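The values are calculated or read from the model by the stated rules, or taken from the named source; none is laboratory data. If you're wondering where the values come from, they're calculated on a predicted model, not measured in any experiment. Cβ sites come from the backbone with ideal geometry, for glycine too, and all protein chains shown count toward neighbours. Just so you know, the surface numbers come from the protein's heavy atoms only, side chains and all, with ligands and any DNA or RNA stripped out. Shrake-Rupley method; radii C 1.70, N 1.55, O 1.52, S 1.80 Å.
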Amino acid sequence: MLIERAIWLGKPDLGIPAEAQGWRCTTPAKINLFLEVLGKRSDGYHDLDTVMHAIDLTDTLEIFPSSNSALTMSIDFSNAQQIERPSTPAPDPAWDIPSNRSNLILKALETLRNSLDQKSINTGAHVILRKRIPSQAGLGGGSSNAAAALLLGSLLWTNQIPAELLSQIARSEEHTSELQSPCNLVCRLLLEKK
């Protein structure tokens, strides 16, 4: 994942202050080179044995401080390769991605914010997801984006990446299983860098 500084030059209609400084991250899709389902867990998820490889298909995630305490998000599909389906009026389900609190990115940020010292966080965040990885395709776009959200949220709110805190989120039973996989991925990548 490539992480860099970003400056908001857009309109203030998203609740982002003019020229706010934020962060941008390119998040890769992955393919499974090997996958074995080991069994179903009590939380409905499955234990897996897998070998994954990142590929060049990427999304871009940007995060900026907002002028209030809300966590909000917008999605840009302008670079998505949508399939024309003239026989069906329904939109391509690969791009049916929620921008509300049910999105894994906002769940990750909410979990992170609740895990950090609340006194140090006096702002919300607005996330812009520039989507190219289709959803529900087994390419891990949602997990990759949630992992990036944990990193970018940490940088936005604390100016650091607290590997130990992310590791605690990954191991915690109180956090949803859907966040444990991205947290484990991020922690593994951080610990490999040391």
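Observations, loosely collected:
- Total residues in region 140-152, condition surrounded by fewer than 24 Cβ atoms within 10 Å (Cβ to Cβ) and under 15 Å from Asp56 (Cα atoms): 1
- Condition met for Asn68 (more than 23 Å from Asn100 (Cα to Cα) and polar (S, T, N, Q)): no
- Hey, Leu2 in contact with a Ser or Thr (Cβ under 6 Å, 6 or more places away or on another chain), modelled with pLDDT under 85 and open to solvent by 90 Å² or more (accessible area, probe 1.4 Å) or not: yes
- Residues that are buried (at least 19 other Cβ atoms within 10 Å of the Cβ), assigned to a helix (DSSP H, G or I) and at pLDDT 85 or above do occur in region 156-170.
- Note on region 25-60: residues that are in contact with a Ser or Thr (Cβ under 9 Å, 6 or more places away or on another chain), open to solvent by 50 Å² or more (accessible area, probe 1.4 Å) and in contact (Cβ under 8 Å) with a residue 60 or more places away in the chain amount to 4.
- Within region 13-24, if we keep just the residues that are without any contact (Cβ under 8 Å) to a residue 24 or more places away in the chain and assigned to a loop (DSSP other than H, G, I, E, B), the residue that is most open to solvent (accessible area, probe 1.4 Å) turns out to be Glu19.
- Region 114-139, residues that are over 24 Å from Ile31 (Cα atoms) and open to solvent by less than 30 Å² (accessible area, probe 1.4 Å): Leu116, Ile121, Thr123, Gly124, Ala125, His126, Val127, Ile128
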